[in-house]
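For reference, the structure discussed in these notes is given below.
The values are calculated or read from the model by the stated rules, or taken from the named source; none is laboratory data. In this text, all values refer to a predicted model and were calculated from it rather than measured experimentally. Cβ atoms come from the backbone with ideal geometry, glycine included; neighbour counts cover every protein chain shown.
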Amino acid sequence: MAETQNIGEMAKIMSEDIFCYFGWSKSKPEDQNWKCEDLEHNKKTHPADVVFHYNDPYTDTLNFIHTDLKSFGVSTLEKLELESTLTSLSMQVQCAEISDEWQKLYSGQETDYRIHGMLFIYNHDGQYTKLFTSKLQKVPSNIFNLPKQSKIYVLDPNDIFWLNNVASHIGKLLEKKVLTENYTFFYPQRKDQATIGSSKSATIDLLKSPFFIIEDKEKSCKVIFYRPSGEEVDEFIYLIDYLRHHQILEEGNSIKIFQLEQDQFAPTNFTTAISKCKNILNIKEPNLIKLLDSIEHQKIKKFTTEFSELEIGMGIR
């Protein structure tokens, strides 16, 4: 039993280590059961492993991420079915919306907020490399009886591996003074909304996107974490055009692009994309050409977190 508890604790530690770099905060308490308010759920209580929160830069509302933490080995993940787990999480979010107890525990005096659910599935032995797409496709959409503004998100082992490596690399950039503690995340303007610019928090939608941009005005630095492998020239052309369109390509900025899973031809494809962009976009301005040529494109050295069940059991971590 203690061994199972220690394995479960790994997911909690991992989530804390990751999300602190993305501007998320934890709402107390953790590992809390609270009364179910819906008779159709046929449950006395619902669990809350951990509830994170951050401010959404587009709506200026507080987003609570009601999180179900899972830590599984590869053998369990191979046969894992998601329907029952996601049904339970959907019930939790639905009930949290109307529960006075949940609101007293987590939202406090806040009145303008939204509650979302997140299934966080950590592979503690690091041996699961398959995509979760087929597992998610088997889940019927009619199980998600959610409040109008709420969503359910799944962070699978591959998502967590990616975000853990990004978080680790952000930590290294902070240590090397490439970034300061005042870094922010870039958000493009949406139609019919005022310009957002940047925020201290990365929304879960941003973290699930193919790439995101960190800005540091003190360092005049833009850091892009790019998740696709870079196997096509066109994907880098799109990225560069995106940077140009959103005025990221500004004189005086240093721009760094980091990849984790990189195709063997990605560096060549990136160089080719720079050349093609100059022609396609008819770039003639010398300073912009100089900036394009100065963009750093690097591969992140893979980082894997290893836990000691003994240390966790002793409360060292």
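Test of understanding: among Ser209, Ser199, Ser220, which residue is surrounded by 17 or more Cβ atoms within 10 Å (Cβ to Cβ) and of a type in the set (Gly, Ala, Ser)? Result of the check over Ser209, Ser199, Ser220: Ser199.
If we only count strands (runs of 3 or more DSSP E) wholly inside the stretch 118-205, which ones have 1 or more residues that are on the phi > 0 side of the Ramachandran plot and in contact with an Asp or Glu (Cβ under 9 Å, 6 or more places away or on another chain)?
Working: elements: 152-155, 184-187, 197-199.
Fully inside the stretch 118-205 and qualifying: 197-199.
From the list Lys28, Lys44, the one residue that fits, being among the charged types (D, E, K, R), closer than 20 Å to Tyr113 by Cα and surrounded by fewer than 20 Cβ atoms within 10 Å (Cβ to Cβ), is Lys28. Of the residues making up the stretch 128-142, those that are polar (S, T, N, Q) and more than 13 Å from Thr87 (Cβ to Cβ) number 4.
Of the residues making up the stretch 284-309, those that are farther than 30 Å from Ile160 by Cα and surrounded by 15 or more Cβ atoms within 10 Å (Cβ to Cβ) are Leu288, Leu291, Leu292. Does Ser254 satisfy the criteria of being touching a Gly at 6+ places or on another chain (Cβ under 6 Å), surrounded by fewer than 19 Cβ atoms within 10 Å (Cβ to Cβ), over 23 Å from Phe19 (Cα atoms) and not charged (D, E, K, R)? Here the answer is no, as Ser254 does not meet what is asked. Is it true that Ile214 is modelled with pLDDT of 95 or more and either farther than 30 Å from Leu62 by Cα or assigned to a loop (DSSP other than H, G, I, E, B) (or both)? For Ile214, the condition - modelled with pLDDT of 95 or more and either farther than 30 Å from Leu62 by Cα or assigned to a loop (DSSP other than H, G, I, E, B) (or both) - is not met.
For the stretch 107-118, the tally of residues that are under 15 Å from Pro147 (Cβ atoms) and either polar (S, T, N, Q) or over 21 Å from the mean Cα position of the chain (by Cα) (or both) stands at 2. Note on the stretch 1-100: no enclosed helices (runs of 4 or more DSSP H) hold 2 or more residues that are within 16 Å of the chain's Cα centre (by Cα) and assigned by TED's automatic domain parsing to the domain that holds Glu215. Looking only at residues in the stretch 166-196 that are in contact with a Phe, Trp or Tyr (Cβ under 8 Å, 6 or more places away or on another chain) and of a type in the set (Phe, Trp, Tyr), the one that is surrounded by the fewest Cβ atoms within 10 Å (Cβ to Cβ) is Phe185.
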